[in-house]
Every structure is written in C-alpha cells, then in structure tokens.
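Here's the structure we're looking at; comments come further down.
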Amino acid sequence: MRAVFQWSLGTRTLELGKRTLIMGIVNVTPDSFSDGGLYLDSEKAIERALQLLDEGADMIDVGGESTRPGAKIAVSVEEELRRVLPVITGIRKLRPDALISIDTYKAGVARAAAAAGAGIVNDVSALRWDPLMPRTIAELKCGAVLMHMRGRPEEWRTLPPPGDIVLLVKRELRDWAEAAVLAGVRRERIALDPGFGFGKNFEQNYPLMAHFQELQSLGFPLLAGTSRKSFLGRTLAKDGKDAAPADRLYGNLAAHTALILKGAHILRTHDVKPAVEAARVADAILQTH
C-alpha cells in the first residue's frame, strides 16, 4: 500500500498517493548528461515544457545547473537566474495553472523563482549546501523536495563504499528532514528523494530500488528520479558498451513500475508520455485489493 498525503505548496495543496504524479524535466543547461544544450534557449525550453504538460506531466521541474557525474559546481546565482527565470515566467504566462518546480540548491535562485511563480523547490543538497536555504524555504512556504546525495559530483568517483546504502539513505534523509523542520519548514511541505545515481555507484542503485518501500517509514511523500541514469545504461549494455541515454527508455519504464509498486508518489522523468502510461497500469495494480 502507498500512503496518502496532502502536500502543501503554499497557494495550493496536492493530493499524493491516490495516483502517481509525473514531474517532467526541462534542463536549461549546456551540459546536462542527457539533454544538455537542447533547451538552453528559453523559447525552446518553454516549448518543451508545454509539450510535456500536454503529454500529461503534473508539474515541470526547471533546472539551470547540471549536477551530472564529475560536474564542477560553478554556476553563479546571476547566471542560473538568467537561464531559468524567462522559462518560469514564460510557462506561467501561457499556462497560468501549471505547477512549476525549480531545481536549485541556492537560496537566491529559490526566492526569485518562487516570486516568478514556482511552487516547489527541488534541492539536490537537501538544504545543506547554502546556509541560507533552510530559512529561505521556511519563509517561502512552498513545497520542498529534499534529495539524498553522497558527496559532491566531482567526488563521486572516489567516494569510499557506503556500507548498507539503504540504511545510510534512510538515516540521512531522516536527519536532514528533521533539520529542515527545526529550521521552520512545516512537515506537510516536505517530500523526500533517495537520489538514484547521486553519489551511488552502479550496483548500489538496485538495492535502493529493491528496498524503496522501507523509505515509507520516514513518513513523507516520496519522489524518485531514475530517468536515463547511467546505472540503467550499464544494465542495458550491448557488446560491452553502455546504452546511450536516449536508449534507456524501456529499462526506465521497468524501474518506474517497480518504484510505484514500492510506494513512489512522484516520478521525475524526461519521457513524460511513456511514464504516464506506465503509471496508469502500475496504479491499477496498486488499487486492486
């Protein structure tokens, strides 16, 4: 069974758990691992967002900085805002009711994006990298996704083994969520993401997926993002060569289905229409008693 939550997003409340919600990805970056450079132009990014909404996305996640493996984190607040604000305002102008998430770990970007119409802040650092972020999120009263990451992208290839990855993710997500609550972020505004691929090597992602249901004990809605990740590419390898990001769709649909059946409330994906259809089938299984 999947728990039902009322996710408070400031100006609206979203019911989670009755059906799986789909978060469509729009990366306004030159260097994201899968779609870097495709939507750096704001008009193209807006067009892509509208396409994903038409395909059934419940929300759009707009990001202006890549956290791909090996990335050096160096995009300024000003540059990130230059990338994302025209996209957020453009989506809101054409689809006033669209739910927009800003993918950022910077308090300045979160505040400006919320003012422009974003209702969710999706922070890969779980509010830990910018000391102003916890207070900012508390003041904004928007939804907040806290993601688990081991180390920073430039460190991932040299991180020591984590031991039991499931226990580590559960413990640290619990600690970081409680830290957010202590900083003034209300519990009903928080969702958690175990961060597939973020500081987890290839073989560590599958135990995390196999035991995903254990994260339900944390008592928060769960978001999962496996879209086009490299661990899927390795599993789908042919002739010793990993499958390219664009060739990981069917494998990812298997991951999506498994995650829904184990309790995921939201799926973050590049490929919205297939995800919507897979979710409908998985939800029908969940609703069968």
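The values are calculated or read from the model by the stated rules, or taken from the named source; none is laboratory data. In this text the structure is predicted, and so the values were computed from the model without any measurement. Backbone-built Cβ (ideal geometry, glycine too); neighbour counts: all protein chains shown. Please note that ligands, DNA and RNA were not included when accessible areas were found on the heavy atoms of the full protein model with its side chains. Shrake-Rupley method; radii C 1.70, N 1.55, O 1.52, S 1.80 Å.
For residue 273, go through the lysines and keep the ones whose alpha-carbon is under 24 Å away, minus same-chain ones fewer than eight residues off.
18, 44, 93, 229, 262
Sum -39500 (n - 2.57) across every DSSP H segment of at least 4 residues in the chain, then divide by the residue count to get the 222 nm mean residue ellipticity, nearest 500.
-11500 deg cm²/dmol
Which parts of segment 42-66 would a label at residue 92 reach, counting a residue when its backbone N lies under 18 Å from a point 7 Å out along Cα-to-Cβ?
Backbone N within reach: 42-43, 45-47, 49-50, 59-64.
Dividing the convex hull volume of the Cα atoms of segment 43-123 by its residue count, what figure in Å³ per residue is obtained?
Numbers: hull volume 7.5 nm³, N = 81.
Per-residue hull volume (Cα only) is 93 Å³.
Run the numbers on segment 131-289 and let me know its relative contact order in percent, using alpha-carbon pairs under 8 Å that are six or more apart.
21
Amide H of residue 222: which non-local residues (sequence gap of 5 or more, or other chain) have their own amide H closer than 5 Å, using H built in the peptide plane?
Under 5 Å from the amide H of residue 222 lie the amide H atoms of 192, 265, 266, each far enough along the sequence or on another chain.
Please report, ordered by residue number, every helix of the chain (full DSSP H runs) that is 24 Å or longer along its axis going by C-alpha atoms and whose mean Kyte-Doolittle hydropathy reaches -1.0.
77-94, 165-182
Can you figure out the FRET efficiency of residue 18 with residue 235, using R₀ = 30 Å and their beta-carbon distance, to the nearest 0.05?
Given R0 = 30 Å and the Cβ-Cβ separation, E is 0.45.
Mind giving me the nanometre distance, one decimal, between the label points for residue 174 and residue 206, set 7 Å out from Cα along Cα→Cβ?
With each label point 7 Å from Cα toward Cβ, the separation is 2.7 nm.
What value does segment 61-210 have for Rg/Rh, both radii from Cα atoms and Rh as Kirkwood defines it?
That ratio equals 0.98.
Determine the per residue accessible area of the chain with all protein chains present and a 1.4 angstrom probe, expressed in square angstrom.
I get 43 Å² per residue for this part.
Which FRET efficiency, nearest 0.05, do residue 135 and residue 6 yield, Cβ-Cβ r, R0 30 Å? Write down the numbers at each step before the final one.
Working: r = 24 Å, r/R0 = 0.81.
That gives a FRET efficiency of 0.80.
For mean projected area of the Cα convex hull in nm², several values are listed as (i) 17.5; (ii) 13.9; (iii) 19.9; flag the one computed from this structure.
(ii)
For the chain, calculate the relative contact order in percent as a whole number, restricting contacts to Cα pairs under 8 Å that are 6 or more residues apart.
Values: 575 pairs, mean separation 59.5, N = 289.
Rounded, it is 21 percent for the chain.
How much of the DSSP bridge set in the chain is antiparallel, in percent, rounded to the nearest 5?
So the antiparallel bridges in the chain amount to around 15 percent.
Taking R0 as 22 Å, what's the FRET efficiency between residue 74 and residue 244 from their Cβ-Cβ distance, rounded to 0.05?
E(calc), rounded to 0.05, equals 0.25.
What part of the accessible area of the chain, given as a whole %, is carbon or sulfur when the probe is 1.4 angstrom?
For the chain, the apolar C and S fraction of the accessible surface comes to 53 percent.
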